[in-house]
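Participant: Got a structure for you, questions after.
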Amino acid sequence: MDPADIILLEEADSLRAAVESVFFAVLACPACGTLGLITLSQYLGTDPVICGSNRCSCRFRIDNKTRLIYLPVN
């Protein structure tokens, strides 16, 4: 995956079976490429996404399922 790529779990049967149902998609951090799981509310832009890497502090929202809006780090 490239940074900012998203794989929807509902479209990937082999991945869906291996992931808790609370998660909706796999996301590659747009800053560092670290893979992470996101919920439906994060995918829809309701909740922010924070990179799970220890070396990256990227925070953003997904707008309209296609565009990333970067948020300031507190």
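What follows is calculated from the coordinates using simple rules that are stated; it is not laboratory data. In this text the structure is predicted, and so the values were computed from the model without any measurement. Cβ atoms come from the backbone with ideal geometry, glycine included; neighbour counts cover every protein chain shown.
Participant: Positive end of the dipole of the chain, charges at C-beta (+1 Lys, Arg; -1 Asp, Glu), about the Cα centre: which of P72, I38, I50 has its Cα farthest in that direction?
Facilitator: Value computed over the given set: P72.
Participant: Describe numerically, in nm with one decimal, the distance between label points set 7 Å from Cα along Cα→Cβ at T66 and at T46.
Facilitator: Spacing of the two 7 Å Cα→Cβ label points: 2.3 nm.
Participant: In nanometres, what is the gap between the two model label sites at R59 and T34, each 7 Å from Cα along Cα-to-Cβ?
Facilitator: About 1.5 nm, to one decimal.
Participant: Using only helices, what value at 222 nm comes out for the chain when you add -39,500 (n - 2.57) per DSSP H run of length 4 or more and divide by the total residues, to the nearest 500 deg cm²/dmol?
Facilitator: When only DSSP H runs of four or more count, the value is -1500 deg cm²/dmol.
Participant: F23's amide H: which non-local residues (gap 5+, or another chain) put their own amide H closer than 5 Å, with H modeled 1.01 Å from N in plane and none for Pro or chain starts?
Facilitator: Amide H neighbours of F23, under 5 Å, 5+ apart: none.
Participant: How large is the dipole of the stretch 6-70 about the Cα centre if only Lys and Arg carry +1 and Asp and Glu carry -1, each at its Cβ, rounded to the nearest 20 debye?
Facilitator: In debye, rounded to 20, the stretch 6-70 gives about 320.
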